[in-house]
Amino acid sequence: LNYLIRPALDEIANGGGPVIEAIRSDEMGDPGRIEEQMLNAILTYDFCIADLSGHNPNVFYELAIAQAVERPVVLLCRAGAPLPFDVKDYRTIEYDLKPKSIKEDVWVPLIKKQIEAVLDQKYVPPSLLKEYSQFREGTRSYLLNSESKEFGDPPKFNTIVRQTRSRCDLMGVCLSSWASTSSQEVLHELGRRKVPVRILIMDSDNPALSNMINEGLANESLKGVQFSARKKYQFFEGMSKKYSSFETRRITKGLPHAQIILTDSTALVLQYMYSRGTAESPLLQLPKGTELYDAFSGEFEVLWQLNRANRRPNGQKASKKA
C-alpha cells in the first residue's frame, strides 16, 4: 500500500487528476459489522484494488462481489504466485517488492495507468452475471431494496454521506431521517469540512402536499407532516446560518416524487408511494456514472433552480420587490 498504491495515487493527483484516498478494509474505524462496512465500500467507493497474493479467501469473496455488481477493480498479485483459473484471464499487474524495484518505481507507473483506465468514463467493468437479470441499465448495475428499512437504520445513510468530499444534496418532504443525534453529527462534520450541502425540503403550505399524504395509513396525517416539515426546515435553516457551505430552499413549486440523497459517489432514492409509508417503500442505490444517477441528479437540479426565489443562504431572507 505505502510503496506502490499510495505513490501511484499521489502521481495521479500531482498530474492534475482527482485526489484519491486509499483505505484498507482493516483501517475502517467506524463502529458496526465489518462485513457491512466492506460491502458499502465496494458499492460506493470510486474503485477497488484487490491484491490476490497469498490466496486470501476474503479477498476472492470481496472480488466476486465487486465483479458481480460491475464495480471497477484493479488486480495485483506478487510475481510468481499462481492465479486461480477463474481470474487468470483478467488483466493483473504482477509486482515484486525488491529494494531496486521500489527505489526505481518500477511498478508505480503501471498501477497508475491501470487506475486511470478504470476511472475513465468509457470504461465498462467486466460482468460475471451477463446472462442473469439484474437491476441494471446497459452494463451498469444498481441495487434495489424492496423496502427502505432493509437498507438499515439512519446510520447506514450516514455512512454514505460521511464519505462524501465535494457534494451532498438532500431532498424530501420532511427529511425525518436527519432528526437523530448521529445523523445531525454527520451534517455538522460536513459543515466543518466545508462540504457543499444543498437542502430542498417541502414547504408546509405547498398545495400539492395534501394530495401526497394518505391518512389511511398508520401514523400518517397531513397536520403531522406539515408540522414536521416546518420543524425540519427550521433545523436546516439553523445549519445554513452556522455553516457557509450549507444552503436551504423550500419547495413551493413543483413536487418531490422521491426522497433523494446525492453524494459525489452515490445516489440513494427512496420512492414516495401513496399506498406505503417510507419504511416500506422501494429504495434505489445508484453509483455515480450511471444514467439513473444522472437522471435523479438532474431532477434535483431542476427543482433547485425552480425554487431559487426561496433560497436562504446563511439564514438571510430573500429580498422582495415592491
Inside segment 45-69, can you point out the residues that are within 19 Å of residue 112 (Cα to Cα) and among the hydrophobic types (A, V, I, L, M, F, W, C)?
-> 47, 48, 49, 50, 52
Listed by first then second residue, the pairs whose first member lies in segment 51-78 and is closer than 28 Å to residue 286 by Cβ, whose partner is modelled with pLDDT of 85 or more and part of a loop (DSSP other than H, G, I, E, B), with beta carbons under 6 Å and at least 6 positions apart or on separate chains, are 72/47
Can you find a residue in segment 224-237 that is in the same structural domain as residue 157 (by TED's automatic domain parsing) and under 30 Å from residue 291 (Cβ atoms)?
-> yes
What number of residues within segment 267-282 satisfy the criterion of being assigned to a helix (DSSP H, G or I) and hydrophobic (A, V, I, L, M, F, W, C)?
-> 1
Report yes if residue 244 is touching a residue at least 24 places away in the same chain (Cβ under 8 Å), in the same structural domain as residue 167 (by TED's automatic domain parsing) and in contact with a Pro (Cβ under 7 Å, 6 or more places away or on another chain), otherwise no.
-> no
Are there any pairs, at least 6 apart or on different chains, whose C-beta atoms fall under 6 Å, with the first in segment 200-228 and over 14 Å from residue 278 (Cβ atoms) and the second of a type in the set (D, E, K, R) and not in a helix (DSSP H, G or I), and if so, which?
-> 200/249; 203/250; 221/215
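The values are calculated or read from the model by the stated rules, or taken from the named source; none is laboratory data. The shown structure was predicted, so the numbers you read here are calculated from the model rather than taken from an experiment. Cβ atoms come from the backbone with ideal geometry, glycine included; neighbour counts cover every protein chain shown.
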